[in-house]
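Following: one structure in C-alpha cells, then a few remarks.
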Amino acid sequence: MINSWVINVKNDNGYVTYSAQIPIVEEIESSLRIVRDMPSMMDRLRKHDIYPIARIVAFKDRVGAVEMPELALKDEDGNIWRDNKGDAWLNPYKQESWDYLVSIAKDAVRMGFKDIQFDYVRFPTDGRTSAIDYQGYDEGGTQSEAIADFLEYVRQELKPYGAIVSADIFGWALVETGGASVGHHLETIIPSVDIILPMVYPSHYGPGIFGFSKPDLHPYEMVYLTLESAQERYAMVEYHEQELARIRPWLQDFTASYLGSGNWMPYGVDEVLTQIQATYDREIEEWVLWNAQNNYTWDAIRKISD
C-alpha cells in the first residue's frame with residue numbers, strides 16, 4: 001500500500017508544475033500546467049489517506065536564474081554561470097533567492113502539501129565551479145552554513161502553517177565529514193531542518209567504500225552501513241535542546257547499467273526489499289523509493305504491505 005507520494009511542484013528546469021497564482025512566478029512566467037488540476041489531485045490523495053510531499057528543486061533553476069539574473073550565480077565577467085548541462089543556478093547566498101523559493105513553498109502548503117522537500121538544496125558540483133563569483137559570500141561562513149541558514153529560514157517561514165521542511169542530501173554526506181564544497185555537511189544541516197533524505201543509492205558510491213570494490217552489488221550493506229555511520233555521528237552532536245532532523249533515506253529502485261560490465265546488477269524485488277530491511281534494521285521506519293522513470297517495483301511494495 002502506498003501511504004505517501006512525492007510530487008514535483010518545482011521541477012528540475014525550475015518550472016512550477018501547476019497554474020500557480022504566485023506574483024513572482026506569474027511575473028517571470030515560470031509556471032507550466034503539467035499537473036492540470038492540482039486541487040482535484042490533492043482531494044484524491046486526501047480521500048485515500050496518502051501523505052503529500054512537495055518536491056521543490058531549489059537552487060538549480062534554469063528558468064528563474066535567467067529571468068531574474070540578479071539572483072543567479074555569475075562568473076567573473078558578470079555572465080550567468082552554467083554547469084556542464086547548461087543549467088543556471090540561483091545564488092544560495094542571496095536572501096532574495098530564498099524568498100522566491102519560500103513563496104513557492106507557501107503556495108504548496110496552501111494547496112494542501114504537508115511536507116516541503118527541497119532537492120538540489122546545495123551548491124553546484126559540475127562544470128567550472130572555480131569561475132563562479134559568489135556574490136553575497138560571507139568569508140566567515142561555509143557553504144554548509146549557508147544551506148543550513150536557508151533551511152532554517154524556510155522552516156521559520158512555514159512554521160505558522162504547520163508544514164514540515166525536508167531536504168535531499170548526498171548519501172556520502174553521512175559517511176564523509178567533508179561536504180563544504182556543496183553545502184552538505186551533516187552536522188551543520190541536521191539542526192536546521194525537520195527531515196533529511198540522504199540518497200543512499202548503492203550505485204552512487206565509489207569503489208572502496210566500506211571496503212567494497214563494487215558497491216552496487218551490495219545493496220544491504222551500503223544502506224545499513226551508511227545509516228549506521230549517520231547515527232554514530234548524530235550521537236556526537238550536542239543537542240542544545242533542539243531536535244535534530246529525522247532520517248528518511250532515498251532507496252534505489254533502478255538498475256545502474258551505466259556503471260559498466262561487472263559493476264552493476266539488476267535491481268528488482270529482492271534488491272529493493274533488502275534495502276528496506278537494512279533501513280528497518282537501523283531502526284529507521286521511513287524510506288522512499290526513487291526511479292527516474294517512475295517505473296517502480298510494485299511487487300516489492302506489495303510485499304511490504306502484506
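Put in order of Cβ neighbour count within 10 Å, fewest first, the listed residues Thr279, Thr226, Thr274, Thr177 become Thr177, Thr274, Thr279, Thr226.
For GluC sites (Glu not before Pro), the sites in the range 32-88 that DSSP calls loop and that have at most 12 other Cβ atoms within 10 Å are Glu76. The magnitude of the dipole of the range 89-244, with charges of +1 and -1 set on the Cβ of Lys/Arg and Asp/Glu and taken from the Cα centre, is near 420 debye. One chain, two ends: Asn291 and Glu70. Fully extended at 0.36 nm per residue, the span grows by 76.1 nm beyond their Cα-Cα distance. Pairs of Cα atoms in the range 35-75 fall into 10 Å distance bins, from 0 up to the last occupied one, in shares of 23, 31, 22, 20, 4 percent.
Each peptide among 47-57, 286-296 gets the average number of other Cβ atoms lying within 10 Å of its residues, and from highest to lowest they stand as 47-57, 286-296. Given +1 at the Cβ of Lys and Arg, -1 at the Cβ of Asp and Glu and no other charges, the dipole of the chain around its Cα centre is 960 debye to the nearest 20. Sorted on the mean count of surrounding Cβ atoms within 10 Å across their residues, most packed first, peptides 228-235, 266-273, 185-192 read 185-192, 266-273, 228-235.
When both bridge partners sit in the chain, DSSP labels roughly 20% of those beta bridges antiparallel. In whole angstrom, note down how far apart the Cα centers of the range 128-207 and the range 1-56 are. The distance from the Cα centre of the range 128-207 to that of the range 1-56 comes to 23 Å.
Set the Förster radius R0 to 41 Å, insert the Cβ-Cβ distance between Tyr161 and Ser257 as r into 1/(1 + (r/R0)^6), and round the FRET efficiency to 0.05. Step by step, r from the Cβ atoms, then E = 0.45. Principal axis analysis of the Cα atoms in the range 81-183 yields extents of 40, 30, 30 Å, listed in decreasing size.
Taking 0.36 nm per residue of separation and subtracting the Cα-Cα distance, full extension of the segment from Arg46 to Phe212 would add 55.4 nm. Dipole orientation for the chain: of the candidates Trp172, Ile247, Leu273, Leu273 has the Cα lying most toward the positive pole (charges on Cβ; Lys, Arg +1; Asp, Glu -1).
Rounded if a/c is under 1.5, else prolate if a/b beats b/c, else oblate: with a ≥ b ≥ c from the C-alpha gyration tensor eigenvalues square-rooted, which is the range 153-306? Here the range 153-306 falls in the prolate category.
Taking the range 4-199 as the region of interest, the number of lysine pairs whose Cα atoms are within less than 21 Å, with members eight or more places apart or on different chains, is 17.
Eigen-decomposition of the gyration tensor built on the alpha-carbon atoms of the chain gives equivalent ellipsoid semi-axes of 29, 24, 20 angstrom, largest listed first.
For a modelled paramagnetic label at Tyr234, 7 Å from Cα along Cα-to-Cβ, the residues of the range 190-213 in reach, with backbone nitrogen under 12 Å, are 190-191, 195-198. In the chain, the DSSP-assigned H stretches of four residues or longer account for a calculated mean residue ellipticity at 222 nm of -9500 deg cm²/dmol, using -39500 (n - 2.57) per stretch and the full residue count as denominator. Give the residue from Pro69, Trp98, Tyr161 lying farthest towards the positive end of the charge dipole for the range 4-199; charges sit on Cβ (+1 for Lys and Arg, -1 for Asp and Glu) and the dipole is referred to the Cα centre. Farthest towards the positive pole: Tyr161.
Averaging the sequence gap over all C-alpha pairs within less than 8 Å and six or more residues apart, then dividing by the number of residues, gives the range 4-199 a relative contact order of 19 percent.
Each reported figure results from applying straightforward, stated rules to the coordinates on display, with no laboratory input. Just so you know, these numbers come straight off a predicted model, no measurement behind them. So basically every Cβ, Gly included, is an ideal-geometry build from the backbone, and we count neighbours across all protein chains shown.
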